[in-house]
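Right, one structure below, let's go through it.
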Amino acid sequence: MIRLIGQKNSNINTIKQYGNRQLNKFRKQLSLQLMVLPGILFLIIFCYVPMFGNVIAFKDYSITDGILNSPWAGFKYFSQVFSDDDFYLTMRNTIGMSSVKFVFTFIIPVIFAIMLNEIPFLKFKKFVQTGSYLPHFLSYVVVATIWMVFLDPKGLVNTILLNTGIIKSPVEFLAESRLFWWIGTFIDCWKETGWNAIIYIAAIAGISPELYEAAITDGASRIKRIMHITLPSISNTVIVLLILNIGNLLNGGPVGSNFDQSYLLGNVFNRDTSYVVQNYIVNIGLNQMRYSFSTAVSCILSVISLILVIAANYGSKKVANRSIF
């Protein structure tokens, strides 16, 4: 009995000591904690608090009654979602366009960062790097306007293709539904490659120059140095971003531009491939004011995205023995 009491007191003292250590650590890092505080508050206010609104997917929500006073509807709106043909059309378009975008907008920045690292001329390297960042800062409204002009039957793209003999008559690019996914992917690559490459450039900059010097001494070619030094050294960064970006797949991959492109470049001619689930939600929720229905669609997307992240993390852990949780 005395032994048990002594052991209990010992455990209590251990817990107190641990708590005191953590408190002292917090006090020493108070300035750092205060720096993190705005980000935490932003996350709570704009990411976690709005989650409460998802409850209207299970209610017959009315603006006049509010969330709390609206009657419960169970899974009524989820059933309606899965019986709506437009939902399947938009999901097909979303998955198709996002998958094409994901492949190119994830791989190309990695290749671009590696190529940029291989440029020996510092001034030219900085010029290319800066130039590649600039499109990122343009509003998508501006970007869409620029490419609508370029892709016009009398625009720059058609003029070049006609003058080089590649086509015999002007092409209505934005009226061709089969081209919409590829046009969207090309625009995203043009706009975001430089910006998305920043983190890879930073990862490459952290590689010890001695590794490259030793490889050169051993007679390794540039390709072999990339394959055996650069890529393995940045693999952790690539895997982490891959897992996180898979979670954003249904929004358009790393760039997340499905709604912008569909809203600004979509039209009645390319609707078969441009009408994505984000537009579907806006149309149902804001234009038709069916808030419970549109929230049910959003909940389905959130669950799918969560499953994708967990699956990607599990696959990464099994294949590469690396994961984020």
> Out of all the residues in the range 143-157, is one or more surrounded by 15 or more Cβ atoms within 10 Å (Cβ to Cβ) and either of a type in the set (Ser, Thr, Tyr) or over 26 Å from Phe259 (Cα atoms) (or both)?
Replying inline: no
> Does Ile183 meet the test of being more than 29 Å from Ala320 (Cα to Cα), in contact with a Leu (Cβ under 8 Å, 6 or more places away or on another chain), β-branched (Val, Ile, Thr) and surrounded by fewer than 17 Cβ atoms within 10 Å (Cβ to Cβ)?
Replying inline: no
>> So, in the range 214-230, how many residues would count as being among the charged types (D, E, K, R) and not in a helix (DSSP H, G or I)?
In response: 1
> Out of (1) surrounded by 10 or more Cβ atoms within 10 Å (Cβ to Cβ); (2) of a type in the set (Phe, Trp, Tyr); (3) at pLDDT 85 or above, the odd one out for Phe26 is which?
Replying inline: (3)
> Could you list, in sequence order, the residues of the range 36-75 that are closer than 16 Å to Ile284 by Cβ, surrounded by 10 or more Cβ atoms within 10 Å (Cβ to Cβ) and among the aliphatic types (A, V, I, L, M)?
Replying inline: Ile56, Ala57, Ala73
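Conditions tested, residue by residue: (1) in contact with a helix residue (DSSP H, G or I) (Cβ under 8 Å, 6 or more places away or on another chain); (2) at negative phi; (3) assigned to a helix (DSSP H, G or I).
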{"residue": "Asp152", "(1), (2), (3)": "yes, yes, no"}
{"residue": "Val157", "(1), (2), (3)": "yes, yes, yes"}
{"residue": "Gly194", "(1), (2), (3)": "yes, yes, yes"}
{"residue": "Ala202", "(1), (2), (3)": "no, yes, yes"}
{"residue": "Tyr212", "(1), (2), (3)": "yes, yes, yes"}
{"residue": "Pro232", "(1), (2), (3)": "no, yes, yes"}
{"residue": "Pro254", "(1), (2), (3)": "yes, yes, no"}
> Within the bounds of the range 306-317, is there any residue that is more than 23 Å from Ile95 (Cα to Cα), assigned to a helix (DSSP H, G or I) and either at pLDDT below 90 or not polar (S, T, N, Q) (or both)?
Replying inline: yes
>> Suppose we keep only residues that are part of a helix (DSSP H, G or I) and under 19 Å from the mean Cα position of the chain (by Cα) within the range 133-142. Which one would you say is surrounded by the fewest Cβ atoms within 10 Å (Cβ to Cβ)?
In response: Phe137
>> Among the residues of the range 248-259, are any within 20 Å of Phe104 (Cβ to Cβ) and either among the hydroxyl-bearing types (Ser, Thr, Tyr) or more than 15 Å from the chain's Cα centre (by Cα) (or both)?
In response: yes
>> Among the residues in the range 105-113, are any without any contact (Cβ under 8 Å) to a residue 12 or more places away in the chain and either in a loop (DSSP other than H, G, I, E, B) or over 23 Å from Thr185 (Cα atoms) (or both)?
In response: no
>> List the residue pairs whose Cβ atoms are under 7 Å apart, where the first residue sits in the range 183-205 and is closer than 12 Å to Ile107 by Cα, the second is among the charged types (D, E, K, R) and in a helix (DSSP H, G or I), and the two are 6 or more positions apart or on different chains.
In response: none
>> Quick test for you: out of Ile300, Ile229, Ile284, pick the one residue that is over 20 Å from the mean Cα position of the chain (by Cα), closer than 30 Å to Phe58 by Cα and among the hydrophobic types (A, V, I, L, M, F, W, C).
In response: Ile284
> Out of Phe121, Phe78, which single residue is more than 23 Å from the chain's Cα centre (by Cα) and surrounded by fewer than 12 Cβ atoms within 10 Å (Cβ to Cβ)?
Replying inline: Phe121
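The values are calculated or read from the model by the stated rules, or taken from the named source; none is laboratory data. Please read these numbers as outputs of a predicted model, since none were measured by experiment. No Cβ is skipped: glycine too gets one built from the backbone with ideal geometry, and neighbour counts run over all protein chains shown.
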